[in-house]
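The values are calculated or read from the model by the stated rules, or taken from the named source; none is laboratory data. Note that the structure is predicted; figures quoted are calculated from it, not measured. FYI the Cβ positions are ideal-geometry reconstructions off the backbone, even for glycines, and counts take in every protein chain you see. To get the accessible areas, we keep the full protein, side chains included, count just its heavy atoms, and leave off ligands, DNA and RNA. Shrake-Rupley method; radii C 1.70, N 1.55, O 1.52, S 1.80 Å.
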Amino acid sequence: MRRATKRHVGILFSALLALGLLAHFVAVKPDSFSKEGAAAIAGVASSARAEKARCPDLSDASIFDNLLHLIDRTYGLPSEYVPSTLIDLSVHVRTNGTICLREVAAESLVSMFRAAEAKGVHLGVTSGFRTAARQKTLFHFWLSVEGADAPEEIAEPGHSEHQLGTAVDLTGKSIGYASVDPRFGDSKEGVWLRENSSRYGFVMSYPKGKKVESEYNYEPWHFRYVGPFAATEIVSAGATPRTFLRKQYLYEQTIGR
C-alpha cells in the first residue's frame, strides 16, 4: 500500500470510527492494511467504544494528579493510573462524542471556549483522557500504518499526556472540525489559541521547531492544562511544557536528597 499521511489516515479513521464502520472497512479492504494493521483497527474500535461509554468514576486522589507532573519518553505513569474527578466535556462544549477531562481543566476549557466564541472563534475537542490500554491500541495502530516513524508522533502507553486527563486535541470550524489536522496551526482558531490559551492555563505541548525539547513532531492541536501561572511562565520563557517541568522535577530531586 502506498504510505498514507497521518492526516489522511486520521481523517478516514475518525470518520469510520464515528460511523461505527471500522469492522466493515477491514472486511471490504483486506489488502489496505497488514494483518497486524487490521487487528489494530479492530482493537481501536473496541477500546474506544468501551472507553467512550462513560467517564471513569474515581474519587481517590493520587500523587500523579499533580497538574505539573512530568511525563515524557523517560518519565511515565503506572498503566493502571486513572485521574480523579473526570467529567464529560460533551455536555459543555463541542466534541466528537464522550470525551473526559479532569474537572479543573474542564472548567478552564469551557471558559476559554466561551471567550473564543465571543470573538467569533469556534473550537471543538477531538480527544481528551485516554487509558494506558487505549493508548497501547492506538500506538500499535499507528505502528502498522507509519512503521518506525510512528513514535515521533504518538507516545507509547504510559507516556502520553492524555492519560493525565489534562490534555486535549483541539480543532476548529474553519477547518471543518477536522481531527489532528496540520492546517489547524495557521487557522483562525489556532492563531487565537497561540495568543490566548495561556490565560486559561493551557499550553501547546509540541510547538513548531521544538522537537528536540518536546521529543515529538509539531502538533498544533495538542494542548495541556498546567494552570494559568505555569502556562504564563512557559510561554514567556519561550519554553515547552516538558522543558519547564523537567527543570522543576530535577530541582525537586536535588533538594530532596
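Regarding GLY124, is this residue part of a strand (DSSP E or B) and not hydrophobic (A, V, I, L, M, F, W, C)?
Against the criterion (part of a strand (DSSP E or B) and not hydrophobic (A, V, I, L, M, F, W, C)), GLY124 qualifies.
For (1) open to solvent by 30 Å² or more (accessible area, probe 1.4 Å); (2) at pLDDT 95 or above; (3) of a type in the set (Val, Ile, Thr), each residue gets a yes or a no:
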site	(1), (2), (3)
GLU195	yes, yes, no
ARG199	yes, yes, no
GLY209	yes, yes, no
ARG224	no, yes, no
ALA230	no, yes, no
ILE234	no, yes, yes
TYR251	yes, no, no
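Being among the small types (Gly, Ala, Ser) and in contact (Cβ under 8 Å) with a residue 24 or more places away in the chain is the requirement here; does SER236 meet it?
No.
Residue by residue through region 144-162, note down the ones that are among the aliphatic types (A, V, I, L, M), open to solvent by less than 60 Å² (accessible area, probe 1.4 Å) and either in contact with a Gly (Cβ under 6 Å, 6 or more places away or on another chain) or assigned to a helix (DSSP H, G or I) (or both).
Residues satisfying the conditions are VAL145, ALA150.
Any idea which residue in region 89-141 is farthest from PHE202 (Cα to Cα), counting only those that are without any contact (Cβ under 8 Å) to a residue 12 or more places away in the chain and among the charged types (D, E, K, R)?
Among them, the one singled out is GLU117.
Which numbered condition trips up THR85, out of (1) open to solvent by less than 70 Å² (accessible area, probe 1.4 Å); (2) at pLDDT 95 or above; (3) more than 20 Å from GLU153 (Cβ to Cβ)?
Unmet condition: (2).
Quick one: would you say SER14 is within 16 Å of the chain's Cα centre (by Cα) and modelled with pLDDT under 50?
Criteria met by SER14.
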